[in-house]
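Q: The structure that follows is given in the form of structure tokens.
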Amino acid sequence: YYPKNGELCFDFLNDVDCIAIEFLLDAFSAWNEEEATTAQHQRPEHSFSVNSLTFINSSLTLSGMKRICESLERECCLVTELSFDSIPLTEECVDRISRLVFSKLTKLCIMNSSITDTGVSSLCDALKDRSCKVTTLDLSRNQITDTGVTSLCDALKDPSCKVTTLGLTRSQLTDTGVTSLCDALKDPSCKVTTLNLTRNQITDTGVTSLCNLLRCSSCKVTTLGLTTSPSGFGDLCYALKDPSCKVISLDLRYSKFSVTCVFRLCDALKQSSCKVTTLDLTHCEIADSGVSSLCDALKHPSCKLATLDLSWNRITDT
């Protein structure tokens, strides 16, 4: 439990443990209700309010999930952020979670939980509901294919959908899914500004589609995560130099960089039209020669880079 952040985090749970968690959440709700009744609008420093709940590495069945969700649905429960990581969830469990999406959640993360396209379809129905408040959705490391992405795209284009942050890292997304995603991101009703697609099955064709999207004036993406090959890197750098590109935060971790790739990236960073201020080049096989090019770019008056991550590369003391 982290009082300052209002977060509760549990790991290695089973359905029996959910009985205790249900009791705890209900106790918090009762306390919140009592506070509201006595009109104490300003909470003391020792307040026990919880707004974020995380479950990690646990074995939960539909029975345990129902207990948790029923407590979260209580009117005086203040939890608006819910995360599941490395917890195998059945389609019935995902369907039960979707009912929460209809009501109060603003952030939902279901990662490495074996979610399939069927589960995604259930979540998308909730995202298109007018009462849905979810702005952050992370479905990374699941069994989501292009079919599931198509369902997501239909939801993103719905005027009622409020999602601004979408995470699909390490999924089974291919170029076909990227095409659907690009079409959705150009839609006037789509509100997504943060998109993370690192470590997917995207080839140069998919990267080209994304780069064409970034150069489109209707695209709202300002934060992008993408793993690309050297051959697809030219299109990305070309897009970054386009005045219509709005990307200010770029995550290229696990991309395979050649010397030419670094040179092209640095050339883009030195252009006045490039807006990138945050750059993550973790695990990109960058050597000392690449760092020299980056240093030249950093010293250029037009370079706006303020945050740079070069972790896990082939950089020496030189």
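Q: Give me the angle, in degrees from 0 to 90, between the Cα long axis of helix 204-214 and the longest principal axis of the Cα atoms of the chain, rounded to the nearest 10.
A: Result, in degrees: 80.
Q: Report the relative contact order of the range 194-309, percent, no decimals, based on alpha-carbon pairs under 8 angstrom and at least 6 residues apart.
A: 24 percent
Q: Taking Rg/Rh (Cα atoms, Kirkwood Rh) straight from the coordinates, which label in [x] 1.03; [y] 1.30; [z] 0.95 is the correct one?
A: Computed from the coordinates, Rg/Rh (Cα atoms, Kirkwood Rh) corresponds to [x].
Q: Also, I was wondering about something else. Once you sort the root eigenvalues of the Cα gyration tensor of the range 97-185 as a ≥ b ≥ c, which label holds: rounded (a/c under 1.5), prolate (a/b larger than b/c) or oblate (the other case)?
A: Judged from the Cα gyration tensor, the range 97-185 comes out oblate (a/c at least 1.5, b/c at or above a/b).
Q: I would also like to ask the following. How do Arg199, Arg314 rank by accessible surface area computed with a 1.4 Å probe, from largest to smallest?
A: Descending accessible area places them as Arg314, Arg199.
Q: Would you mind calculating the relative contact order of the chain from Cα pairs under 8 angstrom and at least 6 residues apart, reporting the percent as a whole number?
A: Relative contact order comes out at 9 percent.
Q: Anything over 26 Å Cα to Cα? Flag those among Lys133/Lys304; Lys107/Lys157; Lys220/Lys241; Lys107/Lys304; Lys191/Lys275; Lys104/Lys157, in the order listed.
A: Lys133/Lys304; Lys107/Lys304
Q: Work out the FRET efficiency for Glu92 and Phe12 from their Cβ-Cβ distance, taking R0 = 22 Å, and round it to the nearest 0.05.
A: 0.50
Q: Can I ask one more? Classify the range 59-114: rounded, prolate or oblate, from the alpha-carbon gyration tensor (a ≥ b ≥ c, eigenvalue square roots; a/c under 1.5 rounded; otherwise prolate if a/b is larger than b/c)?
A: Because a/c hits 1.5 or more and a/b exceeds b/c, the range 59-114 counts as prolate.
Q: Something else: Between Thr307 and Thr106, what length in nm is gained on full extension when 0.36 nm per residue of separation is reduced by their alpha carbon distance?
A: Stretched out fully, the Thr307 to Thr106 stretch lengthens by 69.6 nm.
Q: Tell me the carbon and sulfur percent of the accessible area for the chain, rounded to whole percent, probe radius 1.4 Å.
A: 51 percent
The values are calculated or read from the model by the stated rules, or taken from the named source; none is laboratory data. For clarity, every value in this text was computed on a predicted model and none was experimentally measured. Positions of Cβ are backbone-derived with ideal geometry, glycine not excepted, and every protein chain shown enters the neighbour counts. With ligands, DNA and RNA removed, areas are computed over all heavy atoms of the protein, side chains included. Shrake-Rupley method; radii C 1.70, N 1.55, O 1.52, S 1.80 Å.
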